[in-house]
Every structure is written in C-alpha cells, then in structure tokens.
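What follows is a short report on a single structure.
The numbers here are math on the coordinates, done by the rules we state, and not lab data. In this text the structure is predicted, and so the values were computed from the model without any measurement. For neighbour counting, all protein chains shown are included, and Cβ atoms are generated from backbone atoms with ideal geometry for every residue, glycine included.
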Number of protein chains: 2
Amino acid sequence: MRFTSDQHLDGVRERAFTLGEVPGILWTPETAPAPLILLGHPGDLHKTHPRLVARARHCAAEGFASATIELPWSGDRPRSAAAEQARADLRQALAAGEPATPEVIDRLVLPLVDQAVPEWQATLDALLALPEIGGPVGYAGGIISLGVRLAVVEPRISAALLFAGSFVPRALFEEARQVTIPLLVLLQWDDEGNDRQMALDLFDALGSAEKTLHANMGGHTGVPWFEGDDGNRFFARHLKGVVRP
Amino acid sequence: MRFTSDQHLDGVRERAFTLGEVPGILWTPETAPAPLILLGHPGDLHKTHPRLVARARHCAAEGFASATIELPWSGDRPRSAAAEQARADLRQALAAGEPATPEVIDRLVLPLVDQAVPEWQATLDALLALPEIGGPVGYAGGIISLGVRLAVVEPRISAALLFAGSFVPRALFEEARQVTIPLLVLLQWDDEGNDRQMALDLFDALGSAEKTLHANMGGHTGVPWFEGDDGNRFFARHLKGVVRP
C-alpha cells in the first residue's frame, strides 16, 4: 500500500493510496485506533468522490475510519471488453423497454464480483496493518452482490449495510442464504431503475438472524439524511458494542 | 375526562381516566407542556398494560406524553355480538387452514374503526385541554387500520408510527392513498400471523411523500429494542422539529 496524497479535510484525514494497480482512499478520524467501515460504491471514484467524502465525514464524526477502492474496469482502471459488452447489452435491452435477462445480469455482475472481492480482501489486509485502524470491520454500500459475497467469504467483516439498488445474479441468492452477520438493507421504494420485488426477495433470502430492511421514498440517490444516522447507530451496535442504554 | 387514579412510576406519572364510558391511561413526563403520542394497541388494557408502560416510559424519557384508551368491545367494555361472531368466524377459518376472506376482515375491522375513531378524537379534545399537554400529536401502534383512518380524518395528528400486523379491509387501501403525514411503518418480516404481502401493498398505497418501512425478524412481538429508539427519533423530527445536526 502506497500513499499518494495526504490532506486534512474538516474533521477527517483523507489519504489516496494504490495497492498494486488498484487506487483507493482512506479516511481516518482524529481518534485512533478506529474501527473500519469499507465503503462500497457503483464505480468511478472521481465521480462518486463528493458522496463518498460526505459518508466518510459522517463515519468519522462517530469515530469510524472508512476506506474504498476503485471497482475493476471503472474510473482510471483498464477497461474490460466483456464488461463493456455486458453494459451495452443491458443498456440496449432497457432502452427497448425489455427486462434485464438473468443471462446479461450474470455477465455484468459475476465477473465484477469475482475480480473485486480479492482486491477488497487485499485492501483489508493492508489497512488492518496500519496502527490507526483497529477493531471490527463493517461494509457499507452497493454493489449489493459484492457486499453479499464479502459477507460470506470474509470473516473479518462483522456487519454490513447494503444498498439494494443494482441487479443481482441468480447465484447470489444462494450465497445470500449463507450470510450470518447482522445486516441493515436500504431500499429506495420508488427507484425506477431498481427491481423492487428482486430486492425484497434478496432481503428474504439473506440468512442472518438479525436483518433489518429500511425502505424510503425518493428515487435512487434520494436516501434520506436520517438513514446516515441510522447506519452509524447500526455500526455502533455491531462494531463498537454500543448496547441499549 | 375524570381521573380515577394517579401514581408516579419511575420517571413517569400514570393516571387512569374515563371519558364517558371509555377507560384510558395518560402518562406524562416531568417536563410540561409535552407533545403527545397516542398509543395504539390490540385491545384489552389490562393485558397490554406492561408493554404500554414500557412504551410510555420510553416516550417520557424523550419528553413525550403518551395516552391510550380501551378499544370498543375489549377489556372491561361491553361486548358486541357482531364483533364476537366476526372473531369466531376468523378463528374458525384460520384453524381450518383457510385464508381470512375480505368479507370477514371487513366485518372484524370496519365497525371497530368506525366506533374507535370518534372515541380517540374525543380523547384528544380532552387531553389537549390539559395544561401538561402541548404541541403536536403523533399516533403510534396498531391497529394499523385505525391509525390510517385517524391519519386521514384527524388534522391534529402530525406523524404516525404504524405497526403492520393485523388484517386490513379493502376500503382502507383507498383511505391509505389520502394519508399525507410522515409515516414510519414497522413490519415483522417472519410474523406467521401476518400477511406480509398485504403489509407491503398497504405501505405502497400510503400517500405520504415521507414514508419509511422498517422490517425486522423475530415474530409478532419480537420488535427489536432499537426500533423504540428509532421511533423516538422519528417523532423528535416531526413533533419537536429536531433536524439534522
């Protein structure tokens, strides 16, 4: 892990890094060592940076460090012809008013998850070796299939907040049954680009004994501000052991 | 309104009252005047008293007064032959493994809502005349059809937390579209006595621009403790104007 920049924003230290070929960002609060929240996002760190900084600052205010890495084939990373083709096929189907087929969803999401999960795990190895990171780890955000796979294969992740807002391959429904960590799933109820019934089916499939669904109005990027607070309280319960007063 | 008892529990003053033929209970915190939360329940104040006291104490800890009244034909109130018959018919259908028909749901719930709503409104008149009650009013609890009707017809109710755990007559789905106040709907996902799809359909039908669904595991009475905190924060936003920090 090589740090490539270091700046202090309001209340949070932001460091860009690269790990091998993968660029990422680490945000740490003034208190250390801090529990860590891995921030999932839909790809392209440049584009999502403002939203990620807002979430990182919200995490830091509650004493959490947070970090993210670029997704495979997104942002400044090399493209994949197969991924571009899958995206084009999906876009074409949706533009024609056709549903996304399971086949195109598999082609779009499964290689991404297969590639991204070991990168997130290598990032976790490197982050947990830093003195300013300590304690349990959470995952927060989309892509929900990535969050589900990480929850299954990565025992160092103790709790996850998943955004139900992307296509989910059939195979992930089976993996979902193997998830046992506490979950908070966010669903934007009237998100036109999202398959609500699929999201409800996935929530139903998740194996965790403690799982909570929060559904709100407002479209894909309209998650209400109070869900940020609810997310922090969820992670405070599961990463910091904050229990009923 | 005639008070029939007055005692100080830990942190909350509990007074039983009668309003005409209707018995009820008022809980007030030490701070006054306090905003008021009307506590819905499934009927029989004696049986539900411990759970209601726990909720009233939780309300009082956040500076809310709370109150409830007995449902028609429940607890110590006179019985209704028609209501008893509807309950017996429902019980018989469920015992035979048959679904609850819309006809029996209508017979069970509509007369109850028709009778209870004016009683709650008269209670509200009396409570708002007390010097220790002031500010906006919320409704929290089941029966969800009662909460929906109150939200439509009673402009003094500013926000409602509804428990989706009872049968809903078809007519109430139409009324649900007329609801405009902020809502938090609680659903126990794996509640065997509850129709999950009906609850999701009702949530979808509710007309409010701000509505949030919280679904949890754990059966009908297994609502997790942190939902009590979430409910208080919901009412703090809408009854006390607590906004983003």
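Between the C-alpha center of the stretch A:110-168 and that of the stretch B:84-128 there is a gap of 48 Å. Computed over chain B, the range of Cα coordinates on each principal axis works out to 51, 44, 31 Å, biggest value leading. For residue A:42, go 7 angstrom from Cα along the Cα-to-Cβ vector, then report the distances to that same point in the other copies in nm, smallest first. Ordered by distance, the counterparts are at 4.2 nm.
Note that the stretch A:32-159 carries a Kirkwood radius of 15.8 Å, evaluated over its alpha carbons pair by pair. In angstrom, the C-alpha Rg and Dmax of the stretch A:105-245 are 15.0, 47. Scanning chain A for the Cβ atom closest to the axis that brings A onto B yields residue and whole-Å distance A:214, 3. Between residue B:101 and residue B:5, the modelled label-to-label distance comes to 4.3 nm, taking each label 7 Å out from Cα in the direction of the beta carbon.
With its label point defined 7 Å out from Cα along the Cα-to-Cβ axis, residue B:8 lies at 5.0 nm from the matching points of the other copies, in increasing order. Taken over the stretch A:94-147, the convex hull of the Cα atoms encloses 96 Å³ per residue. Counting beta carbons within 10 Å around each of A:8, A:41 and listing the fewest first gives the order A:8, A:41. Over the protein assembly as shown, the alpha carbon radius of gyration divided by the compact-protein estimate 2.2 N^0.38 Å works out to 1.09.
What chymotrypsin sites (Phe, Trp or Tyr not before Pro) does the stretch A:143-231 have in DSSP loop regions with at most 15 other beta carbons within 10 Å? Counting only loop positions with at most 15 other Cβ atoms within 10 Å, the chymotrypsin sites (Phe, Trp or Tyr not before Pro) in the stretch A:143-231 are A:225. Across the copies of the chain, residue A:78 has label points (7 Å from Cα along Cα→Cβ) spaced 8.5 nm apart, shortest distance listed first.
For the stretch B:141-245, GluC sites (Glu not before Pro) are listed when DSSP marks them as loop and at most 11 other Cβ atoms sit within 10 Å of their Cβ; the list is B:192.
With a Förster radius of 45 Å applied to the C-beta separation of residue B:19 and residue A:209, the computed FRET efficiency comes to 0.55. Estimated from helices alone, the mean residue ellipticity of the protein assembly as shown at 222 nm is -13000 deg cm²/dmol (sum of -39500 (n - 2.57) over DSSP H runs with n ≥ 4, per residue).
Listed by chain and number, the aspartates and glutamates placed with their C-alpha closer than 12 angstrom to that of residue B:240 are B:62; residues fewer than eight positions away on the same chain are left out. Among the trypsin sites (Lys or Arg not before Pro) in the stretch B:1-81, those placed in a DSSP loop whose Cβ has at most 13 other Cβ atoms within 10 Å are B:79.
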